[in-house]
Number of protein chains: 2
Amino acid sequence: MARIKAAFIQTRPVFGETGKNVEDALKRIDALDADVAVLPELFSTGYQFRSKKEAAALAEDARMGYVSDRLAEIAADRKMHIAAGMAERVGRKVYNSSILVGPRGFIAVYRKAHLFWDEKKIFDKGDTPFEVHDAGGARVGMMICFDWLFPEAARTLALKGADIILHPSNLVLPHCPQAMITRCLENRVFAVTANRVGTEERIQGRRLRFIGQSQIIAPDGRILCRAGSVRAEAKAVEIDVSEARKKKITPLNDIFRDRRRDMYEL
Amino acid sequence: MARIKAAFIQTRPVFGETGKNVEDALKRIDALDADVAVLPELFSTGYQFRSKKEAAALAEDARMGYVSDRLAEIAADRKMHIAAGMAERVGRKVYNSSILVGPRGFIAVYRKAHLFWDEKKIFDKGDTPFEVHDAGGARVGMMICFDWLFPEAARTLALKGADIILHPSNLVLPHCPQAMITRCLENRVFAVTANRVGTEERIQGRRLRFIGQSQIIAPDGRILCRAGSVRAEAKAVEIDVSEARKKKITPLNDIFRDRRRDMYEL
């Protein structure tokens with residue numbers, strides 16, 4: 001096992017229309033023939049909740065809800081893995097989460113560690129560790145959107161052995177697509193960022209325009225594919241996972257062994 | 001104090017011609033009227049040493065050598081600070097170092113932590129901590145070239161309070177100029193990367209072409225100025241140092257307080 005087909009599904013969700021959003025995403029996944037696919041952050045609900053209460057009403061259990069079930073069905077059917085952002089309810093808590101499902105069902109949930117702006121009013125702070133999971137031979141780790149700004153997130157996943165960072169996003173600022181190239185270079189990993197397109201203005205004066213530009217980046221910083229900023233679109237590329245296991249970038253430099261932990265104060 | 005003039009001096013050193021290289025750099029500094037100027041890595045000697053012995057022969061004391069003295073003179077004369085890469089000899093050891101001098105003389109030396117490729121055969125591994133120094137009201141920290149690949153270097157400097165990262169470089173690969181934008185965004189600091197131009201092939205079959213593209217980046221990722229890839233050139237821009245002290249990027253996000261140290265495994 002070395003070569004797999006990785007994909008992003010760039011969507012345009014309609015706020016609150018979970019059924020439509022999920023079924024639309026499933027159709028796009030079904031058309032792709034990917035081994036690992038990534039959906040955007042909060043792909044099933046949309047982004048701009050007016051209150052924690054509203055988010056709780058639309059949130060689901062990560063393991064047993066409609067979103068999880070439907071994704072697990074197609075993952076089993078297509079023998080693939082899917083990472084997807086969703087609002088997760090756990091008792092009274094609501095998380096901005098990403099689930100990973102595979103051919104045998106639910107695998108893991110990651111709860112966003114670094115919440116952006118008003119998300120802090122809506123969601124509880126993530127309490128799951130950055131973890132790596134097997135996905136058909138590839139080792140994958142999840143982080144969500146704004147986590148990109150914190151180098152420690154991708155670094156932790158890479159040091160734990162991630163080959164591919166699965167990165168559901170709802171980006172509104174311009175910098176992330178370029179910065180993810182740095183994340184891949186500094187960790188020699190692949191990254192699949194799945195962003196959404198379209199706009200939301202459920203809170204007056206807070207119009208959000210999502211920038212699309214979903215992308216797949218290689219460990220050497222190459223942009224393997226990148227979507228536009230306007231349309232929903234899905235793209236898959238074959239990647240050689242073993243590229244992410246070569247941390248030796250010159251005969252004398254292994255980027256992990258070269259780390260000077262004795263000099264870092266973090 | 002908030003606004004200062006920061007500059008890079010992009011040079012084309014001639015290998016082994018320390019006198020010429022230093023005097024040429026001094027002329028360029030003198031023409032600039034900068035408060036803080038950065039010279040490239042190993043600006044006084046050139047880069048491609050054939051052996052540790054050769055490097056030792058060209059290396060100098062960081063505090064009392066010709067390079068340090070001459071830079072301190074102009075720093076005193078112009079009431080400015082200068083960071084400059086040089087080969088430093090300490091007993092039997094030779095470091096790829098950067099010194100910081102100011103109006104009152106030598107301030108500090110930083111010895112490159114992450115050595116690239118054949119540098120490991122020439123230089124000893126840096127043993128100085130990442131530190132922050134006052135430079136006329138701005139807090140500055142030094143790192144050298146390949147240190148850029150390790151997010152922990154800039155992060156450590158920023159967490160210690162650096163406003164500006166002074167980054168003497170001898171870049172041959174294409175990624176650093178773009179990656180330094182990420183370093184500035186993730187830490188909300190300025191960075192001045194001073195690179196060289198020209199080629200060296202003192203070891204047969206190891207022709208090095210340095211990429212120039214020296215640059216000054218703002219905490220919000222703006223490229224304030226960037227040099228070309230071919231010519232020696234110096235550029236200065238006025239920057240508002242206080243921009244680097246605002247770590248709050250939204251009313252609810254302070255990028256340092258938002259760090260989830262409980263979740264990082266570094």
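Legend: mean number of C-beta atoms from other chains within 10 angstrom of residue C-beta atoms, peptide B:165-175, equals 1. Note on A:251-259: average number of Cβ atoms from other chains within 10 Å of each residue's Cβ is 4.
Our summary gives segment A:125-266 a relative contact order of 18 percent, counting only alpha carbon pairs under 8 angstrom and 6 or more residues apart. The angle separating the long axis of helix B:176-187 from the principal Cα axis of greatest extent in chain B is about 40 degrees.
Could you give the distance between the Cα centres of segment A:114-154 and segment B:105-128, to the whole Å? Taking the Cα centre of each part, segment A:114-154 and segment B:105-128 sit 35 Å apart. Over all Cα atoms in segment B:126-244, the spread is summed up by Rg and Dmax: 14.4, 48 Å. For residue B:94, nonlocal amide neighbours, meaning residues 5 or more places apart or on other chains whose placed amide H falls under 5 Å from its own, are B:124. Qualifying GluC sites (Glu not before Pro) in segment A:37-115, where qualification requires a DSSP coil assignment and no more than 11 other C-beta atoms within 10 Å, are lacking entirely. With both residues required to sit in chain A, DSSP beta bridges show an antiparallel share near 70%. Scalar couplings 3J(HN,Hα) for segment B:124-139, obtained by applying the Karplus form with A = 6.51, B = -1.76, C = 1.60 to θ = phi - 60°, are 7, 5, x, 10, 9, x, 6, 10, 10, 10, 7, 10, x, x, 8, 9 Hz; x denotes Gly and Pro. Backbone phi angles across segment B:26-31, fed through the Karplus curve with coefficients 6.51, -1.76 and 1.60 (θ = phi - 60°), yield HN-Hα couplings of 4, 4, 5, 5, 4, 7 Hz in residue order; Gly and Pro are listed as x.
Taking only the C-alpha atoms of chain A, the Rg (one decimal) and the largest Cα-Cα distance, Dmax (whole number), read 17.4, 57 Å.
In a DSSP loop and with at most 12 other Cβ atoms within 10 Å, the GluC sites (Glu not before Pro) in segment B:145-219 are B:201. Distances between placed amide hydrogens fall under 5 Å for residue B:135 paired with B:140, all partners being 5 or more residues away or on another chain.
Paramagnetic label reach from residue B:128 (point 7 Å along Cα→Cβ; backbone nitrogen cut-off under 12 Å): within segment B:63-98, residues B:63-64, B:68, B:83-90, B:95-98.
Rounded, prolate or oblate: which fits segment A:227-266 when a ≥ b ≥ c are the square roots of the eigenvalues of the alpha-carbon gyration tensor, with rounded for a/c under 1.5 and prolate only if a/b beats b/c?
It comes out oblate by the Cα gyration axes.
Protection proxy ranking of B:93-105, B:233-245, by the mean of other Cβ atoms within 10 Å over each peptide's residues and highest first, is B:93-105, B:233-245. Over the protein assembly as shown, all Cα pairs binned in 20 Å intervals from 0 give whole-percent P(r) values of 23, 49, 25, 4, listed from short to long. The angle separating the long axis of helix A:66-78 from the principal Cα axis of greatest extent in chain A is about 50 degrees. Taking a 22 Å limit on the Cα-Cα distance, which of the listed pairs B:93/B:121; B:112/B:248; B:160/B:235 fall beyond it? From the list (B:93/B:121; B:112/B:248; B:160/B:235), the Cα-Cα distance tops 22 Å for B:112/B:248; B:160/B:235. Per-residue ellipticity at 222 nm, computed for chain A from helices alone with -39500 (n - 2.57) per DSSP H run of at least four residues, works out to -6500 deg cm²/dmol.
Just to verify a number: FRET efficiency for residue A:173 and residue B:257, C-beta to C-beta distance, R0 = 25 Å, to 0.05? For residue A:173 and residue B:257, the calculated efficiency is 0.85. Residue by residue, segment A:160-174 carries 3J(HN,Hα) couplings of 7, x, 4, 8, 10, 9, 9, 10, x, 9, 9, 7, 10, 9, x Hz when phi is fed to the Karplus relation 6.51 cos²θ - 1.76 cosθ + 1.60 (θ = phi - 60°); x denotes Gly or Pro. Among the chymotrypsin sites (Phe, Trp or Tyr not before Pro) in segment A:105-176, those located in a DSSP loop and surrounded by at most 16 other Cβ atoms within 10 Å of their own Cβ are A:117.
With both partners inside the protein assembly as shown, how many of the DSSP beta bridges are antiparallel, as a percent to the nearest 5?
Numbers: 74 of 107 bridges.
If we restrict to bridges inside the protein assembly as shown, about 70 percent are antiparallel.
Under 20 Å from a label point set 7 Å out along the Cα-to-Cβ vector of residue B:73, the amide N atoms of segment B:90-124 belong to B:99-108. For segment B:1-44, rounded, prolate or oblate, judged on the Cα gyration tensor with a ≥ b ≥ c (square roots of eigenvalues), a/c < 1.5 rounded, else prolate if a/b > b/c? It is prolate, given that a/c is not under 1.5 and a/b is the larger ratio. Per-residue mean of foreign Cβ neighbours for A:77-87 is 0 (Cβ atoms of other chains, 10 Å radius). With contacts taken as Cα pairs under 8 Å at a separation of at least 6 residues, segment A:3-254 carries a relative contact order of 21 percent.
Between residue B:220 and any residue 5 or more places off or on another chain, the built amide H atoms are never under 5 Å apart.
Just so you know, all these numbers are worked out from the coordinates, no wet-lab data involved. Note that this is a predicted model, so its numbers are computed, not measured. Please note: Cβ atoms are built from the backbone with ideal geometry, for glycine as well, and neighbour counts cover all protein chains shown.
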